[in-house]
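Notes follow the structure.
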Amino acid sequence: MEENSNLTAERSLEIITEQIAQSRKAVSKNVGLSLYVAGLCTMGVALIIGIGMLLTSNTAFYLLYFALPLIIYGFTRYARRNQAPTPTSLFGTMVAKTWVTFAIFALSFFVFANLFDLLVARTESYDVAVRLMIQPFRTILLLMGMCVTITGYILKSRWLVWCGIIGGIGGFFWETFGVTGILFARISGNINNYCGVVQGLVPGIIVALFAFIGLTLPGLMLKRQK
């Protein structure tokens, strides 16, 4: 009797372990699709903004970033139109709350930073304004990388963890040290549309690159896992 009881307990533990693994795999594929679509949308919007800035030097193109969450939501819904809904699980809930938290903080910080920069530009001299202005892009890249990394830990995906670390921290330091400006400093005199290139096209390419590293690539790997 005791031996049968031990076998039953062992079998129950095996079933629970299998269910957890299956749940994590199902959530991983679902998250992979979301990251893949989000990455492609981010890359597309960033390149559109960069090209628009290059052709017109109009900073109003940056407003497209406000529409990015709606664009991602619409394309994600379209991509999942033929998929069966993923069962509710602890992993799915944790991942969903992680990215909802990212969206709240990133959008709030982006709006605050732009309003603050607008106020400073109107009330302070140019020299003071340049020192006080907030650059939200680098912080948002860091937050995005952190969320990708946390998602990788939840789903036990090393690729996702490393892509998040490289994309987030790499993008943060790239923007903090002004690598774009340094690279173009010596050739700025030969660029006819300096504003469009350095403030528009190049940042758009950088956003697209880090979105590929932090979102599209890990999403593709999660999507293709068996």
Check: What's the number of the condition S5 fails, among (1) surrounded by 18 or more Cβ atoms within 10 Å (Cβ to Cβ); (2) at pLDDT below 80?
Finding: (1)
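Determine whether V37 is modelled with pLDDT under 70, in a helix (DSSP H, G or I) and touching a Phe, Trp or Tyr at 6+ places or on another chain (Cβ under 8 Å). Show your work before the answer.
On the way: modelled with pLDDT under 70: no; in a helix (DSSP H, G or I): yes; touching a Phe, Trp or Tyr at 6+ places or on another chain (Cβ under 8 Å): yes.
No: the conditions fail for V37.
Say whether the condition of being aromatic (F, W, Y), surrounded by 14 or more Cβ atoms within 10 Å (Cβ to Cβ), over 19 Å from the mean Cα position of the chain (by Cα) and more than 20 Å from I206 (Cα to Cα) is met by at least one residue in region 121-129. Talk me through it step by step, then tell me what you get.
Applying the first criterion (aromatic (F, W, Y)) to region 121-129 yields 126.
Next, from what is left, pick out any that are surrounded by 14 or more Cβ atoms within 10 Å (Cβ to Cβ): none.
Looking for residues that are aromatic (F, W, Y), surrounded by 14 or more Cβ atoms within 10 Å (Cβ to Cβ), over 19 Å from the mean Cα position of the chain (by Cα) and more than 20 Å from I206 (Cα to Cα), one finds none in region 121-129, hence no.
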Note to self: Here is a check on your reading of the model: is L141 touching a Gly at 6+ places or on another chain (Cβ under 7 Å), under 23 Å from F110 (Cα atoms), among the aliphatic types (A, V, I, L, M) and modelled with pLDDT of 70 or more?
What the structure shows: yes
Notebook entry, point to check: Which of the residues spanning region 49-61 are surrounded by fewer than 20 Cβ atoms within 10 Å (Cβ to Cβ) and either at pLDDT below 80 or over 14 Å from I205 (Cα atoms) (or both)?
Noted result: L54, L55, T56, S57, N58, T59, A60
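A quick yes/no check of all residues on (1) within 25 Å of S108 (Cα to Cα); (2) in contact with an Asp or Glu (Cβ under 6 Å, 6 or more places away or on another chain); (3) at pLDDT below 85; (4) surrounded by 15 or more Cβ atoms within 10 Å (Cβ to Cβ):
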{"site": "R131", "(1), (2), (3), (4)": "yes, no, yes, no"}
{"site": "G145", "(1), (2), (3), (4)": "yes, no, no, yes"}
{"site": "I150", "(1), (2), (3), (4)": "yes, no, no, yes"}
{"site": "L183", "(1), (2), (3), (4)": "no, no, yes, no"}
{"site": "Q199", "(1), (2), (3), (4)": "yes, no, yes, yes"}
{"site": "I206", "(1), (2), (3), (4)": "yes, no, yes, yes"}
{"site": "A211", "(1), (2), (3), (4)": "yes, no, yes, yes"}
{"site": "G214", "(1), (2), (3), (4)": "yes, no, yes, yes"}
{"site": "L217", "(1), (2), (3), (4)": "no, no, yes, yes"}
Next item on the list: Only residues that are at pLDDT below 80 and loosely packed, with under 13 Cβ neighbours inside 10 Å: list them for region 90-120, please.
Entry: L90, T93
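The values are calculated or read from the model by the stated rules, or taken from the named source; none is laboratory data. This structure is a prediction, so every number in the text was calculated from the model and none was measured. Cβ: placed from backbone, ideal geometry, glycine included. Neighbour counts: every protein chain shown.
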